[in-house]
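Here's the structure, in structure tokens; my notes come after.
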Amino acid sequence: MEDPLSAVVYSHINSPNHYSLIFGFSSVSIGKDCDDINQRDEHQISRSSGIKSNINFGNTLSRIGGCDYLILVGLTDYQKSFLTFLEEYNVIEINNLEDVDTFLHPISFRESIPCRPDQIFTGLQIASNLQMAITIDDDAEHIEVVTNNKGGLIIVENNYFFETLVATNYAISINADLIIIESYDFHEKEFLKTIEAWREEVKVGSEQISLQELKGLIYNRIDGIQFQNYDFVTFFTIGAPYSLIIDNVIPCTHIGLKLNPDFFIFNNIFFQDNFNIGSGIVFSPRFFSSEETDYVINKLTQNNYYVNALIENQASSTNLDYYVKELPFNILHLCTHGNQSKGSLIIEKYTDEYGNEHIFEYNLLFSLMPEPGMYNENGEPLIKVLKLVYPKKLNGYAFRTKEFKDQNYPSSIFPKMFSTVPVNENEISRQEVIVENAHGIECHSFSHFAKFSHLSANQHSPFIFNNICWSAYEIKDHLLAVRARGYIGTLWAVNNDVAVKTAETFYDSFFEKTVLSSLQDSLVHSKATNNRNIYMYYGLHFTSFNKAKSVESSKDDIVKGLLTNISSWKTNYDGCENTNTRYNILAQIRWNQQMILKYFRKELLKLIGKKALIDFLKLRVRNS
């Protein structure tokens, strides 16, 4: 949104050295009409967004213990209809600048400084230092911020007004310099395409034209910045590989502009000292003769973490899916292959609900996951099939282009289109291809595309080191979108020796330093190789992890988390009417029960006693 109202409101509530809690609510096309996020119609995306936003806002308010005032800025009736907690708080609604004077000024008691619309974020920095607010004035004088030229530096691509406000808020809270740069007018995947072209040039030994194009593109926005004056830099970006381009001259972190930076920052702050758990997952099918897997397991164990080791045949797509979603954990380390995925390129006729015929071109991928302990009437294991549709063109117009947008296709046709295809009799052509921009996690059996609905039982915000090839792109997006608070991935295919040494050095100091400092130390192993600057970190500069109290206490905490899962899923089951959803909920309940009884029966007995354990076993029998 371009409306400066949110910035004016923010100027009345912020304060230096404190991170103010501001969150965005994406626009919706309908009010809350049901609780089913899977209902397929033209409002499915909006409905799902609204329901998930309500859950995220509610969880956040619960975690901080509520607030004195809940301020709603410019929310529509549709948006407010999704919020189920409003009656619990003192709500102030601000819908225009006049409301600020009426409702906020009497609370903040702040004088204001005038600020031109094109200098809003500069004005916010000055106003915060003076404990003042801002007013918007087209005739205000030009203002300048005196920079520190030391400490931290925040750089933000000015793509979206609210996300730039979040970056400004963060910079003010840590007293960092803020630089706003020109945004990119293309999709993040263009960075991947350019790096793919560059790595092919490196492979064949030709001139590295693509790297020079990438450098020129990014340097146009950051040239002249004296990075060496700062202790660290954090880039708010759609996905530009800044650490690569500035050669990691200082420690670099990134924050995804399109990946809920508001919640990302909150989770890093909140979970730094709250609800940590000594639980880790190490995943490796053992594809390499030399790898860091055992070293990582030993390091975590030495620091009193209970390690859930998914190794060799245990490193299946099913186990990865359930463990990452349902197990309470703080750290996930992945060591496997991560090459581009094989799929199909299909051109197909499709008739929409209005009777209009289209030619739909798309890539199709399937991911298979056997359901644990579930069989059909013939005793054969049930297989969950996940279909992934990557749209390419509709009637010859490439998706995400201006030409496509100019066609003004009704948004209602797409959810059904993506869910219906493929229909064999409507196919015009099909060929097997390597799917562009689609990287999966190769498992012992099948592959997983990291399409997780949630992480760590929705109880924790974990850190993920995805030490596989090409892991800094789509996989990263999926995991950060479901509330990982830190993620390290690779920008291209990583050399195995570099990967092993980097990971081992990283975990050597992981529990003594910040994640950023540990990564910076470990980059020494790639500096003199063609993997220089291959690693990219999404996170905050201060994020760190402590040694757990003991392995025994870690196991106790895991059991408590699994029991919380079961209770939450039962509540969801009782309030759900959708048959497919109830089936999936039962699968989650069953997995949590099996985990407790297989690995944590002793801890469960200690926690709930013998009689309750017997009741628990009876419940498991009824649900089997």
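Here are the numbers for this structure:
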| quantity | calculated |
| --- | --- |
| Unmet criterion (only one of (1) open to solvent by less than 70 Å² (accessible area, probe 1.4 Å); (2) in contact with a strand residue (DSSP E or B) (Cβ under 9 Å, 6 or more places away or on another chain)) for Pro415 | (2) |
| Lone unmet requirement of (1) open to solvent by less than 60 Å² (accessible area, probe 1.4 Å); (2) touching a Ser or Thr at 6+ places or on another chain (Cβ under 7 Å) for Glu432 | (1) |
| Residue in the range 39-56 that is at pLDDT below 90 and hydrophobic (A, V, I, L, M, F, W, C) present | yes |
| Pick from the range 153-174, criterion outside any helix (DSSP H, G or I) and at pLDDT 95 or above, ranking: most open to solvent (accessible area, probe 1.4 Å) | Ile174 |
| Pair list, Cβ < 7 Å and 6+ apart or interchain, from the range 166-181 residues that are farther than 28 Å from Leu217 by Cβ to residues that are open to solvent by less than 20 Å² (accessible area, probe 1.4 Å) and part of a strand (DSSP E or B) | Ile174/Gly152 |
| Of all residues making up the range 419-447, the number that are in contact (Cβ under 8 Å) with a residue 40 or more places away in the chain and farther than 12 Å from Asn363 by Cβ | 16 |
| So Asp231, is it open to solvent by 40 Å² or more (accessible area, probe 1.4 Å), at pLDDT 95 or above and either farther than 30 Å from Ile55 by Cα or under 20 Å from the mean Cα position of the chain (by Cα) (or both) | yes |
| Qualifying residues in the range 175-187 (those that are under 23 Å from Thr543 (Cβ atoms) and either part of a helix (DSSP H, G or I) or of a type outside the set (Val, Ile, Thr) (or both)) - the one most open to solvent (accessible area, probe 1.4 Å) | Asn175 |
| Qualifying residues in the range 136-152 (those that are touching an Asp or Glu at 6+ places or on another chain (Cβ under 9 Å), assigned to a loop (DSSP other than H, G, I, E, B) and not β-branched (Val, Ile, Thr)) - the one least open to solvent (accessible area, probe 1.4 Å) | Gly151 |
| Phe109 vs. criteria under 18 Å from Ile22 (Cβ atoms), out of contact with any strand residue (DSSP E or B) (no Cβ under 9 Å at 6 or more places or on another chain), modelled with pLDDT under 95 and aromatic (Phe, Trp, Tyr) | no |
| Any hit, the range 280-287, residues being small (Gly, Ala, Ser), buried (at least 21 other Cβ atoms within 10 Å of the Cβ) and touching a Pro at 6+ places or on another chain (Cβ under 6 Å) | no |
| Residue list for the range 569-591, restricted to those being under 24 Å from the mean Cα position of the chain (by Cα) and open to solvent by less than 60 Å² (accessible area, probe 1.4 Å) | Trp569, Thr581, Ile585, Gln588 |
| Qualifying positions in the range 7-23 - surrounded by fewer than 19 Cβ atoms within 10 Å (Cβ to Cβ) and either at pLDDT below 95 or touching a Lys or Arg at 6+ places or on another chain (Cβ under 7 Å) (or both) | Ile13, Ser15, Pro16, Asn17, His18 |
| Residue count, the range 329-364 (criterion: among the small types (Gly, Ala, Ser), within 21 Å of Gly396 (Cβ to Cβ), open to solvent by less than 50 Å² (accessible area, probe 1.4 Å) and not in a strand (DSSP E or B)) | 0 |
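The values are calculated or read from the model by the stated rules, or taken from the named source; none is laboratory data. Predicted model only: the values in this text are computed from it and were never measured. All Cβ positions, even for glycine, are placed from backbone atoms using ideal geometry, and neighbour counts span all protein chains on display. Heavy atoms of the whole protein, side chains included, go into the accessibility calculation; ligands, DNA and RNA do not. Shrake-Rupley method; radii C 1.70, N 1.55, O 1.52, S 1.80 Å.
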